[in-house]
Amino acid sequence: MGATQLPTPGINGTGLDLQSPAGGASSDPGAEMIQLLGPDGKLGTDPVFSDYAKRLEPEQLRGFYADMAKVRRFDQEATALQRQGELALWVPLTGQEAAQIGSGRATQRQDYIFPTYREHGVALTRDVDLAELLKLFRGISNGGWDPTENNFHLYTLVLAAQTLHSVGYAMGIQRDQKFAEANGSNEPKAAVVAYFGDGASSEGDVHESMVFAASYNAPVVFFCQNNHWAISVPTEVQTKVPLFNRAKGYGFPGIRVDGNDVIAVHAVTEWALEHAREGRGPVLIEAYTYRVGAHTTADDPTKYRESAEETAWRGKDPLDRLEKYLRNEGLADEAFFEQVKTDGDKLAAHVRSTTQSLQGPNIRESFAGVYAEPHPLVAEELAWFEEYSAGFVGDDEEGRK
Amino acid sequence: MTTMTIAKAINEGLRASLTNNPKSLLMGEDIGPLGGVYRVTDGLIRDFGADRVVDTPLAESGIVGTAIGLALRGYRPICEIQFDGFVFPGFNQITTQLAKMHSRSGGKLTVPVVIRIPYGGGIGSIEHHSESPEALFAHTAGLRIITPSNAHDAYWMIQQAVDCTDPVIFFEPKRRYWLKGEVDTESPGPASDPFQAHVLREGSDATIVAYGPLVPVALAAAAAAEEDGHSVEVIDLRSISPIDFDTVTASVKRTGRLIVAHEAPTFGGIGGEIAARISERAFLHLEAPVIRVGGFHMPYPVAKVEEDYLPDIDKILEALDRSLAY
């Protein structure tokens, strides 16, 4: 048995290093992480991505801040609505604003987005009325908006299922573009963004989607928000290598970006989308960020993580650092920040009043939605239900509508 | 009229769909140059190219999941699952995503995906290659499930599946792939509605309902019963979801007796659903309980004993005797 050799620990870069940091909550993100705007509000440089940052107009930078502040205010309002019994559940995004606004603002109208269920910030960048997002959580719809209007797909609750839909959609784009080119049509080139998290990265569908994307060179950007916690399980349990490194195994580029740096996230996503749209294939972006709040309003993070960790991450807050930058550079004045606050409150009021006025659903809509074409069993059961309900007419107190 | 096998009829049906609908495309494992392990897609990649006849990585969830994405982009993907027992890695995508997409979008999204699955036993094959999982899909609202038993139906039903706006699981009776029949490629004739059951043989003493691979067995059993002086009606269900209960009910009202035969285990199966519905719709017409003939409550057994497992003429005749003796 003496000839049997185990892999030697500590060989850098071989993937055999059993001691290597896995990119967990407390570990160093590593030198490979792209960061332009640090927590101190100072803009650094990067040989590739600084050029993207330089293209940003002050108006866009202010827009990033306004978006992030708006969606954070929205998040607070939705959490309050849940606490007040208006929503069954809420999934807060606080802490992940830069990852979502930066990437969402890098997309173009013709791109198509597949979110998981926490991408309220991306929804904002796609002009989805945020009040619509609450229908799912209020229990009146399993969707809530028309995905074809803003190319922003419905939330998907079975984790990672949408990563395959993304690749399939991208394969459709490829075929459409081939057809358009053959017919001399000048449609803008499009790509897909697939959002998922560090927890979902363990799902088999993520693996299959990356295999398919690589095989067909599909125009898709995999955008993984590593927020460090899959409910109560840290990233270390999901992966022993930094997530972005997995792209290497599939044969396409992987980039880790500071997910709390909206400028870097925007730059990296713009680069990845150009890469995909131009036919150079998929990219994996790992946005290194942190879920500052609970997984959902039903979660209790005090049971599985230290408050010191949360405090440390609050020091890397995405809004604070952009505010510092805008103030230091004289790109925004007090009036701007006041206006942002007013706009946020206005949005919150809109979301609250819309949510409270949302009409209750009717089970007839559920019957109507099962199939696109007429179906005898559904028709029969609906007919039974109508007859059954009609039996209650006149029973004022107990009557069914 | 052209004579062809069921496999060839599906091949020609797919060819017609690819020709008539530029948004349709085939996806699956080994369906390209090989033409599929059963050669059902033989020659199609040559005529339609690799963008429309797509050899996929070996991943069933990947096949179904990407097909959903293609459908959302306006395409009509036709997926091949290589064998019945290998659909389960794709089960999540089929049941939680494909079946629910139209419903959860409030009718705004449609996902016209077809999933072809060769199913059933009787071919002496190894584990996972002989199963009949149709009840698992029939229990899932949002899916439609059809299965042809002859070449003419196969030719038309695959095209109707592609044309359907809802997702369709298309179960292909693999042990009948080489069964020849007349196909009218000009007109579907009585096959114009894929969700309608067909009375293949009229009778007055009892009704046998079967589908897919057991239809020829049911017809043979009815012919044998005739020699004993029993007039037996045979219905080819054709559609497993929805089920054409009107045709079955009308038949039972005439005959008073019903036997349902399928290869899948009887427990929790399609036969039980038909028995329950018929007892509600035709209780006073029944002369005997509805009797099911099907697989046992066990994993599909090894090939050397599948003969004992599968419904055959004798098992159907035994059920018929029980029904008639009631």
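Backbone phi angles across the stretch A:130-145, fed through the Karplus curve with coefficients 6.51, -1.76 and 1.60 (θ = phi - 60°), yield HN-Hα couplings of 4, 4, 5, 4, 7, 4, 4, 7, 8, x, 10, 7, 8, x, x, 9 Hz in residue order; Gly and Pro are listed as x.
Go through A:Gly41, A:Tyr112, A:Ala194 and say which Cα lies farthest out towards the positive end of the charge dipole of chain A; charges sit on Cβ, +1 for Lys and Arg, -1 for Asp and Glu. In chain A, that residue is A:Gly41. Helix B:60-72 and the long axis of chain B differ in direction by around 70°, with both axes built from C-alpha atoms. From the Cα gyration tensor of the stretch A:11-357, with a ≥ b ≥ c the square roots of its eigenvalues, which class applies: rounded if a/c is under 1.5, or else prolate if a/b is larger than b/c, or else oblate? Rounded is the answer for the stretch A:11-357, as its axis ratio a/c remains below 1.5. Magnitude of the charge dipole for the stretch B:109-260, about its Cα centre and with charges confined to Cβ atoms of Lys, Arg (+1) and Asp, Glu (-1), is about 280 debye.
The distance from the alpha carbon centre of the stretch B:1-55 to that of the stretch B:177-197 is 18 Å, rounded to a whole number.
For B:Lys8, a cut-off of 21 angstrom between C-alpha atoms picks up these lysines, skipping any fewer than 8 places away in its own chain: B:Lys174, B:Lys180.
In chain B, Cα pairs under 8 Å separated by at least six residues give a relative contact order of 16 percent.
Averaging the Cα positions of each part gives two centres, and for the stretch B:124-143 and the stretch A:307-355 these lie 54 Å apart.
Per residue, the protein assembly as shown reaches -12000 deg cm²/dmol at 222 nm when only DSSP H runs of four or more residues are counted, each adding -39500 (n - 2.57). In chain B, a dipole from Cβ-located charges (positive for Lys and Arg, negative for Asp and Glu) runs towards its positive end, and of B:Val87, B:Thr140, B:His102 it is B:His102 whose Cα lies farthest in that direction. Between the amide H of B:Val53 and those of B:Leu26, distances stay under 5 Å, these residues lying 5 or more places away or on another chain, with hydrogens modeled in the peptide plane.
Across the stretch B:15-23, rounded Karplus estimates of 3J(HN,Hα) from the backbone phi angles (6.51 cos²θ - 1.76 cosθ + 1.60, θ = phi - 60°) give 4, 5, 5, 5, 6, 7, 10, x, 8 Hz, Gly and Pro being marked x. Ordering A:354-360, B:319-325 by mean Cβ neighbour count within 10 Å, with the highest value first, yields B:319-325, A:354-360. Here B:Met101, B:Met1 are placed in order of increasing Cβ neighbour count within 10 Å, fewest first, which gives B:Met1, B:Met101.
Counting Cβ atoms of other protein chains within 10 Å of each residue's Cβ and taking the mean over peptide B:49-60 gives 3. Taking other C-beta atoms within 10 Å as the exposure proxy, A:Arg280, A:Arg73, A:Arg256 rank A:Arg280, A:Arg73, A:Arg256 from fewest upward.
Taking amide H as placed 1.01 Å from N in the peptide plane, the amide H of B:Glu131 sits under 5 Å from that of B:Asp84, B:Gly85, B:Gly120, each at least 5 places away or on another chain.
P(r) for the protein assembly as shown, from all Cα pairs and a bin width of 20 Å, is 16, 42, 30, 11, 1 %, short bins first. Taking every residue in B:238-248 and counting other chain Cβ atoms within 10 Å of its Cβ, the average works out to 2. Each residue of the stretch A:331-344 is assigned a 3J(HN,Hα), and the resulting list reads 8, 8, 10, 4, 4, 4, 5, 5, 4, 4, 5, 4, 4, x Hz, derived from the Karplus form 6.51 cos²θ - 1.76 cosθ + 1.60 (θ = phi - 60°), x at Gly and Pro. Close amide H contacts of A:Val220 (hydrogens built in the peptide plane, cut-off under 5 Å, sequence separation of 5 or more or a different chain): A:Val192, A:Val283. Helix B:151-163 and the longest principal axis of the C-alpha atoms of chain B enclose an angle of approximately 50°.
Across the cross-link table entries A:Lys135/B:Lys23; A:Lys240/A:Lys324; B:Lys23/B:Lys108; A:Lys42/A:Lys303; A:Lys70/A:Lys324; A:Lys135/B:Lys108, which are compared at the Cα atoms, the separations over 27 Å belong to A:Lys135/B:Lys23; A:Lys240/A:Lys324; A:Lys42/A:Lys303. Bridgeable lysines around B:Lys253 (alpha carbons under 18 Å apart, same-chain partners fewer than 8 residues away excluded) are absent. Between the residues B:Val111, B:Ile274, A:Trp271, the greatest Cα displacement towards the positive end of the dipole of the protein assembly as shown, with unit charges on the Cβ of Lys, Arg, Asp and Glu, is found for A:Trp271. Across chain A, the mean sequence separation of Cα contacts (distance under 8 Å, 6 or more residues apart), normalised by length, yields a relative contact order of 23 percent.
A short reminder: the numbers here are calculations on the coordinates, not readings from a lab. On a predicted model such as this, the values are computed, not experimentally measured, just so you know. All Cβ positions, glycine included, derive from the backbone under ideal geometry; neighbour counts span all protein chains shown.
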